[in-house]
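Bear in mind these aren't lab numbers, they're just calculated from the coordinates by the rules spelled out. Keep in mind it's a predicted model, so treat the numbers as computed, not measured. Virtual Cβ from ideal backbone geometry, glycine too; neighbours counted across all protein chains shown.
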Amino acid sequence: MTMQNKRERSQQDATACKDGKAKAIRARTDGEAQTERLGELLGEGLHEPARLALRGVLGAGKTAFIRGVARGLGVQGAVNSPSYVLIKTYRGGRLILHHCDWHRHRTESDIVSSGFDDLEIEPAVIAVEWAEKFPGFLQPPMLWIEIQTLSGDIREITLRLEGSAPALREALQHLAAAWDAEQQRSAAS
């Protein structure tokens, strides 16, 4: 990739309002490591309980993104897909992280019987993969994270705030600024 192409790509990689009112950003990642890094930057900006609703096809990178969020929260150790256990809880970071997978759920009562309702008893980040299966179950405020596969390892990730949540808006702003700075450094090298 030429220097000019790198600059053009980095300018297109993250789109966000600079006026502090950003409700959505879009970023393009190239490979799992970048997808994780984007999640890590979001995790670094999360300082209060939050709901993250992830959508994307199988293999899009939802778990990789949450692995990054966990690292950004300060969680140590391996973070992997909760597909078969439905909910995995990670402690040891700034906030508890509950990582949920609704892919196998058929009804909302399946979600309730998995113990999901009990997750908000303590302050935590709740990240739900396949949240689009039950769009009314998670209530705003939340951050919708849509991961689209463009080609090969290229992903377009859109993060959109739903509802009023100043702390989530701040996390989104942190992510946008940090991602833009990293992409500019990468393009300059």
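What to note about this one:
- Largest GNM mean-square fluctuation among Ser113, Ser164, Ser81, using the chain with Cα springs under 10 Å: Ser113.
- Percent antiparallel among DSSP beta bridges (both partners in the chain, rounded to 5): 60 percent
- Spin-label pair Glu120/Glu156, simplified geometry with 7 Å Cα→Cβ offset, distance in nm: 3.2 nm
- Footprinting exposure proxy for Arg104, Arg169 (fewest neighbouring C-beta atoms within 10 Å first): Arg104, Arg169
- Placing +1 on the Cβ of every Lys and Arg and -1 on the Cβ of every Asp and Glu, with no other charges, gives the range 25-181 a dipole of roughly 180 debye about its Cα centre.
- Subtracting the Cα-Cα distance of Thr89 and His103 from 0.36 nm times their residue separation leaves 3.3 nm of extension gain.
- Each of Val69, Ile126, Val112 was scored by the projection of its Cα onto the charge dipole of the range 51-178, and the greatest displacement toward the positive side belongs to Val69; charges sit on the C-beta of Lys, Arg, Asp and Glu.
- Gaussian network model of the chain, Cα within-10 Å springs - most flexible of Leu46, Leu86, Leu58: Leu58
- Cα-projected label distance for Ala167 with His47, points at 7 Å along beta-carbon direction, nm: 1.1 nm
- ³J(HN,Hα) computed for each position of the range 168-174 - Karplus, 6.51 cos²θ - 1.76 cosθ + 1.60, integer Hz, glycine/proline x: 5, 4, 5, 5, 5, 5, 4
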